[in-house]
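This report refers to the structure that appears directly beneath it.
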Amino acid sequence: MIIDFLSNHPRYIYKVSEMVYSEFVEQSSSKMTFDEVVTYFSHTKTDPFPMTLIALKDRECIGTVSIVENDLDVRKEYKPWLASLYVKSEYRSKGVGQKLVKETINVARELGFSELYLRTEHASGYYEKQGWSFVESVSDRLNEQIDVFNMLLCAK
């Protein structure tokens with residue numbers, strides 16, 4: 001398995017868009033269309049923002065994660081954010097997510113950031129086990145309860 005930037009593998013833009021749209025956009029109150037998601041991922045880069053990493057195994061995209069400037073309107077002071085971590089169901093609990101997160105941390109550190117944030121509505125325990133620190137619980141503009149975590153990015 002390799003982890004690389006989506007921008008280096010544009011043939012997977014549509015697949016990443018399907019993953020993120022079905023897991024995050026359709027499950028939320030977002031009005032974003034699938035075509036808008038494809039456009040968004042067509043513009044990710046290797047330097048801020050947004051950036052998207054993918055996990056590839058045997059020429060198949062099995063997971064994705066992004067780094068975005070902000071992922072929570074009510075906390076604009078926190079940046080950057082790990083966002084949209086997704087691993088195909090048949091590859092879960094096999095370390096793919098951990099590798100995507102680890103590479104996201106490495107990229108943020110290499111770009112000179114001292115912290116990285118994430119938000120979750122349902123996976124707080126997972127991130128606590130991975131060493132993320134709980135920052136606070138907040139309500140977003142839709143009054144949904146969100147836990148915010150961060151990771152301090154020390155030098156290698």
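Need one number: nm distance between label points at Glu23 and Lys102, each 7 Å from Cα along Cα→Cβ, rounded to one decimal.
1.8 nm
With labels modelled as points extended 7 Å from the Cα through the Cβ direction, what inter-label distance (nm, one decimal) is found for Ser30 paired with Cys154?
3.4 nm
Treating only the Cβ of Lys, Arg, Asp and Glu as charged (+1, +1, -1, -1), what charge dipole size does the chain show about its Cα centre? Round to the nearest 20 debye. Walk me through the numbers before you get to the answer.
Working: 19 positive and 23 negative charges, 106 e Å.
With only Lys, Arg, Asp and Glu charged at Cβ, the dipole is about 500 debye.
Rounded to the nearest 500, what is the 222 nm mean residue ellipticity of the chain from helices alone, with -39500 (n - 2.57) per DSSP H run of 4+ residues and division by all residues? Let's see the in-between values first.
Numbers: 4 runs with 38 residues, N = 156.
The helix-only estimate for the chain comes to -7000 deg cm²/dmol at 222 nm.
Let me know the number of lysine pairs in the chain closer than 13 Å at the Cα, not counting same-chain pairs under 8 apart.
Values: Lys15/Lys88; Lys57/Lys88; Lys57/Lys94; Lys57/Lys99; Lys102/Lys156.
For the chain, the number of qualifying lysine pairs is 5.
Explain nothing, just compute: Karplus ³J(HN,Hα) = 6.51 cos²θ - 1.76 cosθ + 1.60, θ = phi - 60°, for every residue of the range 58-69 in order, whole Hz, x for Gly and Pro.
With the stated coefficients, the range 58-69 comes to 6, 6, 10, 7, 10, x, 7, 7, 10, 10, 10, 5 Hz.
Give me the distance in nm between label points sitting 7 Å out from Cα along the Cα-to-Cβ direction at His43 and Arg59, one decimal.
3.2 nm
Got a sec? How would Ile62, Ile2, Ile67, Ile146 order by Cβ neighbour count within 10 Å, fewest to most?
On the way: Ile62 21, Ile2 10, Ile67 26, Ile146 18.
Listing Ile62, Ile2, Ile67, Ile146 from fewest to most nearby Cβ atoms yields Ile2, Ile146, Ile62, Ile67.
Binning at 10 Å from 0, report for the chain what percent of all alpha-carbon pair distances ends up in each bin.
Final binned percentages: 11, 41, 39, 9, 0.
How high is the relative contact order of the range 1-147, in percent, with contacts defined as C-alpha pairs under 8 Å that are six or more residues apart? Don't skip to the end; give the middle numbers.
Values: 214 pairs, mean separation 28.3, N = 147.
In percent, rounded to a whole number, it is 19.
Glu115 to Lys129: extension gain in nm, 0.36 nm per residue of separation minus the Cα-Cα distance? Before the final figure, lay out each step's value.
Details: separation 14, 0.36 × 14 = 5.04 nm, distance 1.78 nm.
Contour length minus Cα-Cα distance gives 3.3 nm.
Taken together, the values in this text are just the output of simple stated rules run on the coordinates, not laboratory data. Given the structure is predicted, the values throughout are model-derived calculations rather than measurements. Note that we place each Cβ from the backbone using ideal geometry, even for glycine, and neighbour counts take in every protein chain shown.
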